[in-house]
1. For residues that are of a type in the set (Ser, Thr, Tyr) and assigned to a helix (DSSP H, G or I), tally how many sit in segment A:178-212.
2. Do you know which residues across segment A:84-106 are modelled with pLDDT of 95 or more, in a strand (DSSP E or B) and either facing chain B (nearest Cβ under 8 Å) or under 19 Å from A:Val186 (Cβ atoms) (or both)?
3. For segment B:85-121, give me each residue that is polar (S, T, N, Q), surrounded by fewer than 24 Cβ atoms within 10 Å (Cβ to Cβ) and either more than 24 Å from B:Gly421 (Cβ to Cβ) or touching a strand residue (DSSP E or B) at 6+ places or on another chain (Cβ under 6 Å) (or both).
4. So B:Val76 ticks every box in (1) facing chain A (nearest Cβ under 9 Å); (2) assigned to a helix (DSSP H, G or I); (3) surrounded by fewer than 18 Cβ atoms within 10 Å (Cβ to Cβ); (4) of a type outside the set (Lys, Arg) but one. Which box is left unticked?
5. I'd like the residue in segment B:240-299 that is of a type in the set (A, V, I, L, M), touching a helix residue (DSSP H, G or I) at 6+ places or on another chain (Cβ under 7 Å) and in a helix (DSSP H, G or I) and, out of all such residues, is surrounded by the most Cβ atoms within 10 Å (Cβ to Cβ).
6. Of all residues in segment B:122-158, count the ones that are acidic (Asp, Glu) and either in contact with a strand residue (DSSP E or B) (Cβ under 8 Å, 6 or more places away or on another chain) or not in a helix (DSSP H, G or I) (or both).
7. When you scan segment A:452-470, how many residues do you find that are within 8 Å of chain B (Cβ to nearest Cβ), touching a helix residue (DSSP H, G or I) at 6+ places or on another chain (Cβ under 9 Å) and not in a loop (DSSP other than H, G, I, E, B)?
8. Check B:Lys20 against each of (1) free of Cβ contacts under 8 Å to residues at least 24 places away in the same chain; (2) more than 11 Å from chain A (Cβ to nearest Cβ); (3) surrounded by fewer than 17 Cβ atoms within 10 Å (Cβ to Cβ) and name the one condition it does not meet.
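The values are calculated or read from the model by the stated rules, or taken from the named source; none is laboratory data. This one's a predicted model, so the numbers in the text were calculated from it and none came from an experiment. Neighbour counts run over all protein chains shown; Cβ positions are idealised from the backbone, glycine included.
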Protein chains: 2
Amino acid sequence: MDKFPQIIADAVSARDEYCKWDQSKIIELLELIATKLDAASEELVSVAAKETHLTNPRLVGEVGRMSGQWRHMAAVLKNKEYLQVSIDLADSTTQPPKPDLRKSNIPIGIVGVFGASNFPFGFGVGGGDTASAIAAGCPVIIKANPGHPETSRKIFEIMMASGKQLNAPKGLFGLLESFEDGITLVQHEDVSAIAFTGSTTGGRKLYDLAQSRPVPIPFYGELGGLNPIFVTEEANKANATVIAQGFLDSVSLGAGQFCTKPGFLILINGSDIKQELSQLISKSAVHEMLNDGIRGLHNSKREEFSGLGYVKVLAKGPAMNSDVEPLTIFEITADDLLKNKDTSLIEMFGPTAVVVDCKTPQQALEVANVFDGTLASGVHGGTGDELIQLGIIDLLSRISGRVIMNAWPTGVAVTWSMQHGGPYPASTGSLFTSVGADSIVRFRRPIVYQNFAHDLLPDYLQDKNLDSYPRRVNGTQHLAAQ
Amino acid sequence: MDKFPQIIADAVSARDEYCKWDQSKIIELLELIATKLDAASEELVSVAAKETHLTNPRLVGEVGRMSGQWRHMAAVLKNKEYLQVSIDLADSTTQPPKPDLRKSNIPIGIVGVFGASNFPFGFGVGGGDTASAIAAGCPVIIKANPGHPETSRKIFEIMMASGKQLNAPKGLFGLLESFEDGITLVQHEDVSAIAFTGSTTGGRKLYDLAQSRPVPIPFYGELGGLNPIFVTEEANKANATVIAQGFLDSVSLGAGQFCTKPGFLILINGSDIKQELSQLISKSAVHEMLNDGIRGLHNSKREEFSGLGYVKVLAKGPAMNSDVEPLTIFEITADDLLKNKDTSLIEMFGPTAVVVDCKTPQQALEVANVFDGTLASGVHGGTGDELIQLGIIDLLSRISGRVIMNAWPTGVAVTWSMQHGGPYPASTGSLFTSVGADSIVRFRRPIVYQNFAHDLLPDYLQDKNLDSYPRRVNGTQHLAAQ
């Protein structure tokens, strides 16, 4: 596509103009996009249903998530904390004397976004990465996922129409569709950051490209995880039915195509839960997978895994029809996992998960120790349970961006305190989150102005306006005036 | 050195123990190290003077900077904002229901630090990188700069003695001296982040190693910059003497071996300043350079630069004796710079800088546009001056971590609001700073606890303690109770 040079040129012009928009105008844009997305919900759902096999209620909910993310970003701007205003007043009495320093942050520049296959709305063309970059003051060029091109175009049109209505620069949004354009995007000298949601393999390749540029740029890849959930011996006895049902529900959500799917359930003498799983699975319906490519990849991984000598099938869901992959729960022992870490600890993206049998809490700790970085992990049990007393929380904290008690990792709330990321390979930047208020941080770069004439400073760094902003002055926090 | 495996093993044990230290105990350690460094000042200065050619007053000041950084980090912990506590209370009335989420951050793990050649104290074994990593709760393994091995060992002994006095784990500090050990450090699977201060060439090589690991890790490289300073046409007329003297003082500080040296002074019809420079330079004394290697590199770059057809020598300082490189100010025209960007825009690490002649403010803007990322930049002039009205501040903001008005970039205050970093090649991570309060952010990773029993949460996330911490609750800021 020879459109690419034009898209970049437009984005460069947009960058220089858009970074001067004040907060209130950006807020207006964010809220307008949210409104327009909601208004187009019915049409968006119907297009996406044709392209993805996702169910209607799920898609309706996900449009709400998408528009909600734009509104949440508007709230983040209104909150103003993301500006991280920090002022040091000059002090000539110290040795050396202290200069007047006024620190905040500015938009990082043009952001490239790679949309995900599994969430056409929430993590797609108009998803959280795009919303947070636009909120941060950055033009966005999006490489649409090939799994849902029409849906992507439709969302893009809505964003463009919103921009036009508010006289935003034309290049504020750009859309790419070809694989080659995606590669060029990551390598282009005018692109300042990349946000990516997808597989570890694909993400790592693009990450390597971004890091080996003459000028390397931040690459925020959200790649997934095995999301191991541990169950204490006590919880197995006390809550087997609830835990087994919760696990099946969480694994089968979206036909298992969630980056937060609990891929491994680690039990200690867990026969009660295993028995419940075997029985409850007969009622666990899943829907068709996203597309044939993803289904094929899942099936070949499942086949490879089931072919390992030490792997048993613990439970298998009903085969609805030939278009649907039935839910499959494998079983392995902790001994075998510990002996075969590399072949056992793999992500099967689809309606498949693994139960791990431990003999003792100590062995469960050993298992926790061999997991790589993951988006989420969790434990079912009570404070006094042996596994918890032995320190499972510390081990899970070390590998996870999010740790969960007596609940499941699927469902990533779009809120102020969410952390969706984690040590590699959960993400390529463990200090950042791709969901929640702090996702905006990725696209603003700190800068300090020293000894400046006030009329040349941004509004929020001038003495006369400071009251309106949360800020640190000489190391002391102050709230924004109400 | 076969000590390496033992140093890593000790650091791993230290990591697991030290991350459980509470804030008050870490503060005690930071303050004890500061006290012991001050107490050893005389000895440290005498050892460093032998190894580096730096002057006594400079070294005395720099020991104060070093100990001051440890005290400042203690103040950062007392302030508690670095914990970035954010709480979402559960809300079952929303759709989907909101879980209880408690977000903060935890130590990233073992940190490798590469000390700089030019600041044996401020950016050396006991410099800001080490202080901020220790404050963050991370063990540190330091690769000492070969330019001052005895100084490095002495500082290391003081940190070790401080740790011992407070029963810190033995592996909290580790010291490496060989080049090969430095490479192994960057690649070791148990190392979670690297902080580096040094040259662009060396830093980029290590950065590439860190990014191409099976598990990539953050590499915080502070690499330097050309730090261009612009002078408006009006300021040239009004303040020629002051500006010329300030420039010479800033360039000659530390014999020009500062990463914040103003390498380029950009004038618009600046004959007044050029005349002052020619005269004032006769009184600009510099001292010996750090060592023969750095001197040799500087001289060969200076020679190469002076050999370019369009380069003139504008002013040359007195040749004190054969051990001292005289201060050299080159002159080139903006036309030549714009035609020969790659050969003109080079860093000459030493007592050498370049004056650029522009004919118009517009041409000065063109010059600003061709600079790469830099730690600092600045402008001398008043708000109404043409260059400023035309938008030089926006252009400088785009390439700089710090922008300065009517002052000079050397002297990086250790304060709450400092930003020492910038777009590549100023640093390899433009979202971070290596000096000031926010430097601690580099070594803590966000994590959220979902639906947790309170007695399993860190102190600062439990309801009963929240009052003592600055925090965001459901998106609203609260100050810590006094």
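1. Residues in segment A:178-212 being of a type in the set (Ser, Thr, Tyr) and assigned to a helix (DSSP H, G or I): 4 in total.
2. Hits for segment A:84-106 are A:Ser86, A:Ile87, A:Asp88, A:Leu101, A:Arg102, A:Lys103, A:Ile106.
3. Residues satisfying the conditions are B:Ser92, B:Thr93, B:Thr94, B:Gln95, B:Ser104, B:Asn105.
4. (3)
5. The selected residue is B:Ala244.
6. Count: 1.
7. 1
8. (2)
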